[in-house]
Amino acid sequence: MNRRVLFAFIVALGATLHANADCLTDQHGNVVCGKGQCEADQYGKVFCARLGGGAMRDDYGNVQCGAGYCAKDSLGQVWCATAPGASAAVDSYGKVICAGACAAGTPSLCEVAK
């Protein structure tokens, strides 16, 4: 097998696995996992997004989640893509741009990691 093809396959596999699950150590030292991206709040409690979703801590230490991946704007507001697996990034003006549409991150889209 061509080394470049093999390398591309390994990179794609790693990106797929990372996009589907995330694990962190909680405030008690336990490794907990979620279906989507995970983040610990200001107390060390771990919250995770649903499959294909993003999780990010806001300026107050609270975890905000979205259906897609999230980014923080220049004012500290968490914005997330509205489609699972969709990306979000900050432009040079500090505004969050999402693949598709953006919505404010919310704790209601988070799940406690297990």
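Any read-out appearing in this document is the output of simple, stated calculations on the displayed coordinates, not a laboratory observation. Note that this is a predicted model, so its numbers are computed, not measured. Neighbour counts are summed over all protein chains in view; Cβ atoms, including those assigned to glycine, are modelled from backbone coordinates with ideal geometry.
Among the residues of the stretch 74-114, what is the count of those that are in a loop (DSSP other than H, G, I, E, B) and either farther than 19 Å from CYS23 by Cα or free of Cβ contacts under 8 Å to residues at least 12 places away in the same chain (or both)?
Restricting attention to the stretch 74-114, the residues satisfying the condition of being in a loop (DSSP other than H, G, I, E, B) are 74-77, 82-87, 91-95, 99-101, 105, 113-114.
Pick out the ones that are also either farther than 19 Å from CYS23 by Cα or free of Cβ contacts under 8 Å to residues at least 12 places away in the same chain (or both) and you get 74-77, 82-83, 86-87, 91-95, 99-101, 105.
Matching residues across the stretch 74-114 total 17.
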Discussion item. Of the residues GLY44, GLY52, only one is more than 11 Å from CYS110 (Cα to Cα) and within 9 Å of the chain's Cα centre (by Cα); which?
Written reply: GLY52
Worksheet item: In the stretch 74-105, what residues are under 20 Å from GLY36 (Cα atoms), exposed (fewer than 14 other Cβ atoms within 10 Å of the Cβ) and not aliphatic (A, V, I, L, M)?
Response: GLY100
Item to complete: Go through (1) touching a helix residue (DSSP H, G or I) at 6+ places or on another chain (Cβ under 6 Å); (2) over 15 Å from ALA21 (Cα atoms) and name the single condition CYS65 misses.
Response: (2)
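Where in the stretch 23-73 are there strands (runs of 3 or more DSSP E), lying fully within it, with 1 or more residues that are polar (S, T, N, Q), buried (at least 16 other Cβ atoms within 10 Å of the Cβ) and in contact (Cβ under 8 Å) with a residue 12 or more places away in the chain?
On the way: elements: 31-34, 38-40, 46-49, 54-57, 63-66, 70-72.
Strands (runs of 3 or more DSSP E) meeting the threshold: 63-66.
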